[in-house]
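The values are calculated or read from the model by the stated rules, or taken from the named source; none is laboratory data. Quick caveat: nothing in here was measured; it's all calculated off a predicted structure. Backbone-built Cβ (ideal geometry, glycine too); neighbour counts: all protein chains shown.
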Amino acid sequence: MDSPLSKQAVFRFAPSPNGLLHLGHAYSAILNHNLAMAADGRFLLRIEDIDTVRCRPEFEGAIYRDLHWLGLEWERPVRRQSEHFPFYQRALDELIERALAYPTFLSRGEVRERVATFEASGGIWPRDPDGAPCYPTEERRLDPALALNWIAEGRQHAWRLDMDAAIEAAKVKLDGRSLEWSEAGMGPDGETGLVSAQPERWGDVILSRPDSPSSYHLSVTLDDAAQAVTHIVRGQDLFHATSVHRLLQVLLDLPQPLYRHHGLVRGAEGRKLSKSNMDTGIAAYRDKGLLPADLRALFARDCLVLD
């Protein structure tokens, strides 16, 4: 496996067109672009539109306008995830054939009810690093013939990674080496340098669901490899997800990039900016007369908390 240090540096910015970009996106995009230019490397833009329900063409168009206004240039053509569903399906099929993925049929409501009942009785349900309840694991043992019949009947289902089986398979491939990554930035608790991956904290992560042929974890890992990305620079909110991505890289024999997780742009109350919270978009600042140089000066001073 080639080291990222032996190749031309390739950076990427990969937004989802499910809302308008905010200042946190601007910071990450500019940082990736500047690092690529400083390394005489390449800067890619990827549109992560696997969510066919929430992603919309007008938001994708706004991404291009905002990044152009910021003065960024990227290689063409832009990779759009919605154009590569068969690519993700082939990887999923491989994991299924190796008994590392299994079909699940519980609805979100059924999972919530099960968790609430368990916790009401005094139990402590395991939760992932984002605080969401981990998925129940009993369907790992579901009779395969029954599961296939349900799928053939059109019953809605998702595919999940059997985390225990996946970790054991990765151990065989690693042959005594640790599952870890090289962190040039810093995690939420100050983690840096060689970081030990802990994918088990996520439970049986989803790989595909009825409304999306591929999950974020699967598609982003495959895309970074397909685009030969050597340096993944993104916010600290995705630091723990790297454990899952490193596991998938080992399982699917994909290259290992270098990682750098940066601080988040936050509002005055300390909450990270989010499209789902309708935080002010880049376009609104542009309309108010703010110049790209003003944003760059702000970010250059590491002023990541906005007043």
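Some notes on this structure:
- Scanning the range 117-147 for residues that are surrounded by 12 or more Cβ atoms within 10 Å (Cβ to Cβ), over 27 Å from the mean Cα position of the chain (by Cα) and among the aliphatic types (A, V, I, L, M) turns up Leu142, Ala147.
- Some residue of the range 214-221 being touching a helix residue (DSSP H, G or I) at 6+ places or on another chain (Cβ under 9 Å), touching a residue at least 60 places away in the same chain (Cβ under 8 Å) and among the β-branched types (Val, Ile, Thr): yes
- Single residue of Val195, Val172, Val115 found to be touching a strand residue (DSSP E or B) at 6+ places or on another chain (Cβ under 7 Å), under 21 Å from Leu251 (Cβ atoms) and not in a loop (DSSP other than H, G, I, E, B): Val195
- Filter result for Phe11 (within 17 Å of the chain's Cα centre (by Cα) and modelled with pLDDT of 95 or more): yes
- Arg234 meets each of the listed conditions (1) among the charged types (D, E, K, R); (2) part of a loop (DSSP other than H, G, I, E, B); (3) touching a helix residue (DSSP H, G or I) at 6+ places or on another chain (Cβ under 7 Å) apart from (2).
- Pick from the range 74-108, criterion closer than 29 Å to Ile30 by Cα and among the basic types (Lys, Arg), ranking: surrounded by the fewest Cβ atoms within 10 Å (Cβ to Cβ): Arg76
- Hey, Ser182 touching a Leu at 6+ places or on another chain (Cβ under 8 Å), surrounded by 13 or more Cβ atoms within 10 Å (Cβ to Cβ) and of a type in the set (S, T, N, Q) or not: yes
- Test: Ala228 is at positive phi and either modelled with pLDDT under 95 or out of contact with any helix residue (DSSP H, G or I) (no Cβ under 7 Å at 6 or more places or on another chain) (or both): yes
- Hits in the range 108-157 - residues which are hydrophobic (A, V, I, L, M, F, W, C) and touching a Phe, Trp or Tyr at 6+ places or on another chain (Cβ under 8 Å): Val111, Val115, Phe118, Trp125, Cys134, Leu142, Ala147, Trp150
- Counted residues, the range 30-51 - those being surrounded by fewer than 20 Cβ atoms within 10 Å (Cβ to Cβ) and over 12 Å from Arg80 (Cβ atoms): 10
- The range 222-245: number of residues that are surrounded by fewer than 20 Cβ atoms within 10 Å (Cβ to Cβ), over 22 Å from Gly24 (Cα atoms) and either in contact (Cβ under 8 Å) with a residue 40 or more places away in the chain or of a type in the set (S, T, N, Q) (or both): 3
- Residues (assigned to a helix (DSSP H, G or I), of a type in the set (A, V, I, L, M) and under 29 Å from Leu238 (Cα atoms)) located in the range 150-164: Met163
- The condition of being of a type in the set (D, E, K, R), within 26 Å of Ser215 (Cβ to Cβ), part of a helix (DSSP H, G or I) and modelled with pLDDT of 95 or more holds for only one of Arg246, Arg260, that being Arg246.
- With respect to (1) more than 23 Å from Ala284 (Cα to Cα); (2) in contact with a Cys (Cβ under 7 Å, 6 or more places away or on another chain), the lone exception for Pro17 is condition (1).
- Filter result (more than 26 Å from Leu248 (Cβ to Cβ) and part of a helix (DSSP H, G or I)) within the range 134-149: Ala145, Leu146, Asn149
- Among the candidates Asp211, Asp204, the residue that is of a type in the set (Asp, Glu), crowded, with 18+ Cβ neighbours inside 10 Å and closer than 30 Å to Glu138 by Cα is uniquely Asp204.
- Meets criteria (outside any loop (DSSP other than H, G, I, E, B) and over 23 Å from the mean Cα position of the chain (by Cα)) for Ile167: no
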